[in-house]
Amino acid sequence: MTDTVTDRAGRPASGPVVELVDTSKVFGGSAGPVEALNRINLSIGRGEFVSLIGPSGCGKSTLLRIVGDLISASDGMVTVNGKSARQARLDRDYGMVFQAPVLFDWRTVRQNVELPLEILRRPKAEREAKARDMLELVELGTFGGHRPWQLSGGMQQRVAIARALALDPAILLMDEPFGALDEMTRERMNLELLRIWDRTGTTVIFVTHSIPEAVFLSTRVVVMSARPGRITDLIEVDLPRDRNVETREMERYFELVTRVREALRSGEGAPADPTEAARVRAEGLSA
Amino acid sequence: MPPRRSLARGARPVVGFGVIVLLILVAWEGAKWLAGDPWRYESFLGTGISIDHRPPFRLVPVNDINLPHVWSIVEEFASVDARGTTTLAVLVGAGLFTLRNAAVGFAIGAVVGLTLAIIIVHVRFLERSLVPLLVVSQTIPIIAIAPLIVIGLRADWLGVAAVTSYLTFFPVTIAAIRGLRAFDPRAHELLTSYAADRRTVLWKLRLPSSTAYLFTAFKIAATGSIVGAIVGELPSGMSQGLARQILTGMQYYTLGPSYLWAAIVIASALGIGAFVLVTLVERWVLRDARPAESGAEA
């Protein structure tokens, strides 16, 4: 599966998948311009799982949307697979998953997954086979004939992931995809997402406001701060690639959670709390 | 037993409709009992009961010319003309002829109305420049332009359908403009991320999201199409439709008001029929839609 992803876009094997150079975004408004992002520099390699974390208003969703060419940057350069973000979108390099599943009520679950393939005018047989595979991948193989509203919130979000993966996207852009789910479902979805990431080898950019989630999922955590939105820290997550429920109980996991938390705090200018590590540890155990 | 319960549920609106019609009829005859012309019957509706009632008041709007007895209208349906055909058969035949014109006009109006709306939502400046003109088009009395269209175009079903569509396209356009913009903006973002072109967005998102608006407009247009067809038939000189029957009823009104009322009953029945038909189509199209009680979340 990794091979098909790499071959499809026909891009050079080396070099970053996403590269942001001095990217800024200013929103104009009646109350004056608002600087949402200030000179972002970030390079994301093939197969990486990068989380963007930060307080509300730090521009992490804006950054994701700029990479996905849903909005354009005010300044700087955005390169995706060696081309502009716009060209990457036109080449269908992206799979998007939002906080809400955004499924079409008038379509069955299977037809929802087929949607991107229909837009590309792929033959019916191929669409059906692909939708079946993707639904199997998210373990909803038997729910193809259901209507989206007949499924639970977690299942709906899995359908959205299956839809996003239907085009074998080079990059999966996820904007707080599990933010609306309860804690139990969220943890199960985290494991599921890791399994899918492992099998597809796709590059993932993942916006979240949950520190444990960011650490558990990512190969790298990008810590951002607000007003104006900027990157304050990049934290490599050196946990073993094969992660499971026990990963959440590892000493290194807690250390990384603490590091991210401290980075978030220092970004806000607050002094780090010496008792923080202990508190995070207690939280991690109860979660 | 679910099937029986759903049957009862389906019957409820029909029963409710019957009760309301009955109440109207009671009020109708009640008004005549209080203020109409004297009731004089040797044998009331063949029952052998003789009635001689002098209403205590006198009101012109409820006398026998303006508001004939319900049974006079029923009797009118059963009465036979010189060729041996009952009024009911004549009026139903005319009604079906008019219904066909109305259906063609409705179809043209719906297509034209929807097409206009699709153009308007895609070309921004048209909303401010074209929509006012469409509003003006509806302020012109249809009766004034009907001869223009019917005589100018063709004095046959096509002309009548044109008049009908003139009356039916407008609600469809106005509702569809709204409906075609009623999509979930996040769904639009999703399609944008797939680099979907505008035609794809129209077919896969805008039109499916607008069904509730469209069917509301279709219901208004379907009922209006019956009126449109009758008005269109008037200047065309067509003799097969309801317009001619209404005209006849008007001319002989002072001699026998029941005939016009009988024609009105048939015209109303057509309007209700058209409305119900659209409702049934809507139900079939939206048969898999999310049930209302499960609500809209997130």
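Where a number appears in this text, it was derived from the coordinates with a stated rule and is not lab data. Keep in mind that what you see is a predicted model, and the values were worked out from it rather than measured. FYI the Cβ positions are ideal-geometry reconstructions off the backbone, even for glycines, and counts take in every protein chain you see.
General observations
- Counting all C-alpha pairs of chain A, share separated by more than 34 Å (%): 20 percent
- Among the GluC sites (Glu not before Pro) in region A:18-61, none is located in a DSSP loop while being surrounded by at most 13 other Cβ atoms within 10 Å of its own Cβ.
- For B:192-204, mean number of other protein chain Cβ atoms within 10 Å: 5
- The mean number of Cβ atoms from other chains found within 10 Å of a Cβ in peptide A:97-107 is 5, as a whole number.
- Over all Cα atoms in the protein assembly as shown, the spread is summed up by Rg and Dmax: 34.4, 107 Å.
- Taking 7 Å steps out from each Cα toward its Cβ at B:Ile264 and B:Val123 produces label points 4.5 nm apart.
- Cα-Cα over 27 Å, subset of B:Lys32/B:Lys219; A:Lys130/B:Lys204; A:Lys25/A:Lys130; A:Lys124/B:Lys204: B:Lys32/B:Lys219; A:Lys25/A:Lys130
- In region A:93-146, trypsin sites (Lys or Arg not before Pro) in a DSSP loop with at most 13 other beta-carbon atoms within 10 Å: A:Arg121
- Annotation: the antiparallel percentage among DSSP beta bridges lying fully within the protein assembly as shown is about 55.
- Phi angles of region B:196-202 translate, via the Karplus equation with coefficients 6.51, -1.76, 1.60 and θ = phi - 60°, into HN-Hα couplings of 6, 7, 5, 5, 4, 4, 4 Hz per residue; Gly and Pro are given as x.
- DSSP loop GluC sites (Glu not before Pro) with at most 13 other Cβ within 10 Å excluded, longest remaining stretch of chain B: B:43-296
- Beta-bridge orientation, chain A: approximately 50 percent antiparallel, per DSSP, counting only bridges with both partners inside.
- The Cβ shell under 14 Å around B:Trp39 holds other residues with a net charge of -1, Lys and Arg each +1, Asp and Glu each -1.
- Restricting region B:25-112 to trypsin sites (Lys or Arg not before Pro) in coil, as DSSP defines it, with at most 16 other Cβ within 10 Å: B:Arg58, B:Arg83
- Candidates B:Val136, B:Val15, B:Val70, ranked by Gaussian network fluctuation over chain B, Cα under 10 Å, top entry: B:Val15
- Stokes-Einstein D (µm²/s) once Rh is taken as the Kirkwood radius of chain B over alpha-carbon pairs, at 25 °C in 0.890 mPa s: 108 µm²/s
- Estimated inter-spin distance, B:Asp197 and B:Phe17, nm [label 7 Å along Cα→Cβ]: 4.5 nm
- Counting only other chain Cβ atoms within 10 Å of each residue's Cβ, the peptide A:115-121 averages 5.
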